[in-house]
Amino acid sequence: MDIGEVAGHFRSDCPKLKGKKQQKNSTRKANVAEASDDEFSLTVSTSVACCDGSVWLLDSGATEHMTLHVVQDDLDEKIQCKVLDCDTISQVKSKILDALYKNTPFSMRPSIHEVDLEWRHGRGGHLTLQDEDLTTKSLCGWKKLNTLSHYGVKESAVMSLIPHANDTYSTGTYFTNSLTPIITVNGDVESGSVIRIYHLVKPMDEHHYQTNKVSERTHKAIPEIFLTRLLSTKGTIQKFVDDFFNTILTANDDLPPAVKWLFDLLDEAARRHSIVDPEVVHAWKSNSLPLRFWVNFIKNPDFIFDINKTTTVDSCLSVIAQTFMDSCSTAEHRLGKDSPSNKLLFAKDIPHYREMVSHFYYDVQMLPQITDQEMSSAMQQLSVTQLGEFDTIAALKELYIYVTKYNDQVTRGHKEKDGNEVCGKGALRETMKEMDEADNKKCANERIHMEVLDAMNNDLHCKKMHLAHKLENVACTLEGEETSTC
């Protein structure tokens with residue numbers, strides 16, 4: 001183990017923690033070595049999770065928090081940015097970009113690869129800082145990434161982001177999480193040499209690296225030293241998690257009519273099939289809305305918002321999503337000391353969340369029934385509101401593929417359904433019937449194609465949007481036919 005200039009020790013070798021194990025009244029919840037012990041005057045200021053699962057404890061004073069003053073030509077005032085002296089240059093650039101563009105959509109922000117970090121000091125002194133340059137320390141095929149301490153940057157240093165200048169030290173992508181070992185592999189293809197790069201601590205396990213590939217950080221059990229910080233972070237976001245769950249699990253006037261209509265459909269299906277087990281209907285509803293819809297958005301906020309979902313954020317959101325999934329389940333999960341930390345984190349909150357889910361399903365059931373006319377009107381309003389936001393050609397393509405593939409099921413469904421027919425449904429049913437009786441599959445598909453086109457031409461809304469013409473173009477394209485309409 002080559003620790004370079006980073007003073008510290010492995011957690012497994014920590015004399016302070018070993019001493020604590022020998023004390024009768026010691027607690028396993030302690031996460032730092034206390035300075036009051038005279039025998040070992042070592043304290044811990046922070047920690048680093050190495051890629052091999054070991055934990056490197058930085059000794060007190062081994063790293064320093066500092067505030068940089070960021071000066072940009074297009075800004076009237078300086079921006080302050082908090083960093084660590086052991087941050088790589090890429091990490092510093094990432095933090096400065098967060099400070100400069102905190103209210104700017106992520107897609108409109110420059111990336112760390114588009115800018116360089118310039119240190120301004122003295123009278124007109126300018127120095128461009130990089131993760132790798134001629135001053136980078138190299139030994140036995142290993143390069144230690146440059147940090148702020150490597151350049152001697154001190155508190156209140158003045159920095160600026162400037163347009164990136166091409167150079168020979170572009171080493172690829174680095175992880176931008178502070179205090180995370182950054183490891184990649186560079187090589188000279190012609191000479192066959194391999195230069196491995198590390199951040200703070202050179203790893204012991206050589207099997208973590210493959211030629212010309214960035215090593216993957218494995219997910220392992222969270223060491224005890226992180227549990228206190230984990231609980232503290234959970235307490236910080238608890239209110240926001242509760243508020244979010246309350247918002248999506250409240251049946252009020254803002255509830256979309258489609259939710260009530262869908263849940264009533266599931267209740268009716270249970271009655272029709274004589275299903276008396278309430279857990280079955282509960283599972284149906286959970287799979288249709290919370291698990292299918294909300295969990296997807298919890299784990300992927302970038303589907304809705306223009307943000308950067310980092311690996312760390314993704315892991316945190318996965319914990320919240322798993323909590324929500326457990327809250328929608330009626331099965332009791334047995335947890336013990338060997339259970340993963342993410343399961344234990346919200347264990348005490350899940351019973352309350354489960355009650356919220358059950359109350360939500362009950363409240364929706366008690367709402368006035370949504371008629372077909374109300375549902376049709378709501379969908380029409382939604383279509384008008386979102387007019388121009390969706391690709392009608394893509395929708396028609398999927399519709400055409402679906403009807404062609406499942407024509408037998410669609411035919412049976414129309415045969416079983418009684419009552420009023422919406423525009424075009426009768427024509428579609430008759431066409432499907434003819435298709436069943438037809439010996440030639442291609443002829444049957446042509447019939448349903450023509451009938452659907454006629455139905456669209458007879459509908460004012462479809463006619464206004466020229467859906468019949470668009471569907472014909474889609475059909476020609478999928479069938480590989482060359483016609484004048486295509």
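The values are calculated or read from the model by the stated rules, or taken from the named source; none is laboratory data. Keep in mind that this is a model prediction, so the values were computed, not measured. Positions of Cβ are backbone-derived with ideal geometry, glycine not excepted, and every protein chain shown enters the neighbour counts.
Go through the range 71-97 residue by residue and tally those that are outside any loop (DSSP other than H, G, I, E, B) and without any contact (Cβ under 8 Å) to a residue 12 or more places away in the chain.
Of the residues in the range 71-97, the ones outside any loop (DSSP other than H, G, I, E, B) are 79-84, 88-97.
Those left that are additionally without any contact (Cβ under 8 Å) to a residue 12 or more places away in the chain: none.
Of the residues in that region, 0 qualify.
Considering every residue within the range 115-129, establish whether at least one is outside any strand (DSSP E or B) and surrounded by 12 or more Cβ atoms within 10 Å (Cβ to Cβ). Show your work before the answer.
As a first pass, look at the range 115-129 and keep what is outside any strand (DSSP E or B): 122-124.
Restricting the remaining residues to those that are surrounded by 12 or more Cβ atoms within 10 Å (Cβ to Cβ) gives none.
Scanning the range 115-129, I find no residue that is outside any strand (DSSP E or B) and surrounded by 12 or more Cβ atoms within 10 Å (Cβ to Cβ), so the answer is no.
If the requirement is being out of contact with any helix residue (DSSP H, G or I) (no Cβ under 6 Å at 6 or more places or on another chain), farther than 29 Å from residue 94 by Cα and at pLDDT 95 or above, which of these qualifies: 332, 355?
Only one candidate passes the filter, namely 355.
Of the numbered conditions (1) of a type in the set (Phe, Trp, Tyr); (2) modelled with pLDDT under 90; (3) under 30 Å from residue 303 (Cα atoms), residue 169 satisfies every one except a single condition; which is it?
(3)
Report yes if residue 138 is assigned to a loop (DSSP other than H, G, I, E, B), farther than 20 Å from residue 113 by Cβ and modelled with pLDDT of 50 or more, otherwise no. If you could, list the steps in order and put the result at the bottom.
Working: assigned to a loop (DSSP other than H, G, I, E, B): no; farther than 20 Å from residue 113 by Cβ: yes; modelled with pLDDT of 50 or more: yes.
For residue 138, the condition - assigned to a loop (DSSP other than H, G, I, E, B), farther than 20 Å from residue 113 by Cβ and modelled with pLDDT of 50 or more - is not met.
Consider residue 216 against the criteria (1) more than 20 Å from the chain's Cα centre (by Cα); (2) modelled with pLDDT under 85; (3) surrounded by fewer than 13 Cβ atoms within 10 Å (Cβ to Cβ): it satisfies all of them except one. Which criterion is unmet?
(1)
Filter the range 229-256 for residues that are of a type in the set (Ser, Thr, Tyr) and loosely packed, with under 11 Cβ neighbours inside 10 Å and give the result.
Result: 232, 236, 247.
Listed here are the residues, each with its yes/no results for (1) in a helix (DSSP H, G or I); (2) under 31 Å from the mean Cα position of the chain (by Cα); (3) not basic (Lys, Arg).
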position: 359; (1), (2), (3): yes, yes, yes
position: 364; (1), (2), (3): yes, yes, yes
position: 368; (1), (2), (3): no, no, yes
position: 376; (1), (2), (3): yes, no, yes
position: 382; (1), (2), (3): yes, yes, yes
position: 387; (1), (2), (3): no, yes, yes
position: 390; (1), (2), (3): no, yes, yes
position: 403; (1), (2), (3): yes, no, yes
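In the range 309-342, how many are loosely packed, with under 15 Cβ neighbours inside 10 Å and assigned to a loop (DSSP other than H, G, I, E, B)?
Residues in the range 309-342 being loosely packed, with under 15 Cβ neighbours inside 10 Å and assigned to a loop (DSSP other than H, G, I, E, B): 12 in total.
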